[in-house]
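Single-structure report; data block below.
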Amino acid sequence: MTLPTIDAFPERYHFRFCPRCATPLLRTPLFGMERQRCPACSWVHFPLPNLAATVIIEYQGGIVLVQRDIEPDRGIWHLPIGHAEYGEDPADAALREGEEETGLVLATPRFLSYVHSPSYSDPRLFYLVLGFARAIGGELVGSDEGRNTRVVPLAALEPLKWSGQQAALEAYRRFRSQESEVRSQ
Ligand SMILES: [Zn+2]
């Protein structure tokens with residue numbers, strides 16, 4: 001597989017100066033590829049994918065969806081999702097985003113899946129999306145941010161647009177069918 005070189009990095013990774021000491025960065029072969037390095041303090045740029053977490057919330061016989069209110073993809077229905085904060089366990093990020101977007105109180109989530117893929121808004125920017133699932137109690141009061149929410153039975157879900165959410169849903173369906181096999185034995 002061919003990895004992106006410095007010039008193919010997303011706009012936000014086009015660094016000219018060292019973020020620690022403001023010295024102009026140099027390009028140098030290091031650990032198997034060309035990298036940006038600071039000649040003054042030796043800082044090296046190791047770009048990472050954005051880390052996001054999504055969560056499948058079971059509620060009153062269905063799955064909770066929220067409606068996106070910003071571009072790109074404004075108006076689509078999707079599973080709660082958001083960026084993990086630095087130092088935050090992705091499972092905690094999934095719960096936090098789920099709670100913020102629905103008003104529900106969630107319990108410890110089960111890990112389902114991950115997807116590593118380019119962002120829809122910038123194909124040079126990679127995302128690592130972890131999928132979780134959790135059953136909940138409480139009441140669906142809607143997002144703090146005023147986002148629309150709805151509950152759709154699993155069997156009636158329209159295909160989700162984002163690959164990280166498709167993978168989570170596929171893993172969730174497998175998990176549910178294994179669970180019902182165990183119950184019927
Ligand atoms: Zn420096």
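The values are calculated or read from the model by the stated rules, or taken from the named source; none is laboratory data. Nothing here was measured: the structure is a model prediction, and the numbers come from that model. So basically every Cβ, Gly included, is an ideal-geometry build from the backbone, and we count neighbours across all protein chains shown. Heads up: the accessible areas ignore ligands, DNA and RNA and are worked out on the full protein's heavy atoms, side chains in. Shrake-Rupley method; radii C 1.70, N 1.55, O 1.52, S 1.80 Å.
All of Val152, Val115, Val182 fail the test of being closer than 13 Å to Ile81 by Cβ and β-branched (Val, Ile, Thr), apart from Val115. Of the strands (runs of 3 or more DSSP E) that lie entirely inside the stretch 89-185, those containing 2 or more residues that are more than 24 Å from Asp73 (Cα to Cα) and either without any contact (Cβ under 8 Å) to a residue 40 or more places away in the chain or open to solvent by 60 Å² or more (accessible area, probe 1.4 Å) (or both) span 110-118, 126-137. Scanning the stretch 1-56 for residues that are more than 12 Å from the ligand (Cβ to nearest atom), farther than 30 Å from Gln165 by Cα and in a strand (DSSP E or B) gives Arg27, Thr28, Pro29, Leu30, Met33, Glu34, Arg35.
Would you confirm, using the coordinates I've provided, whether Pro39 is under 21 Å from Phe126 (Cα atoms) and surrounded by 11 or more Cβ atoms within 10 Å (Cβ to Cβ)? Here the answer is no, as Pro39 does not meet what is asked. Tell me, yes or no, whether the stretch 93-100 has at least one residue that is among the hydrophobic types (A, V, I, L, M, F, W, C) and within 16 Å of the ligand (Cβ to nearest atom). Checked against the condition, which is being among the hydrophobic types (A, V, I, L, M, F, W, C) and within 16 Å of the ligand (Cβ to nearest atom), the stretch 93-100 yields no hits at all. Of the residues in the stretch 21-36, at least one is among the aliphatic types (A, V, I, L, M), more than 24 Å from Leu3 (Cβ to Cβ) and either open to solvent by 30 Å² or more (accessible area, probe 1.4 Å) or modelled with pLDDT under 95 (or both). Evaluate the following for Ser117: is it hydroxyl-bearing (Ser, Thr, Tyr), at pLDDT below 95 and over 30 Å from Arg20 (Cβ atoms)? Yes: the conditions hold for Ser117. Picking from residues in the stretch 57-78 that are surrounded by fewer than 13 Cβ atoms within 10 Å (Cβ to Cβ) and closer than 30 Å to Thr108 by Cβ, the one that is nearest to the ligand (Cβ to nearest atom) is Ile70.
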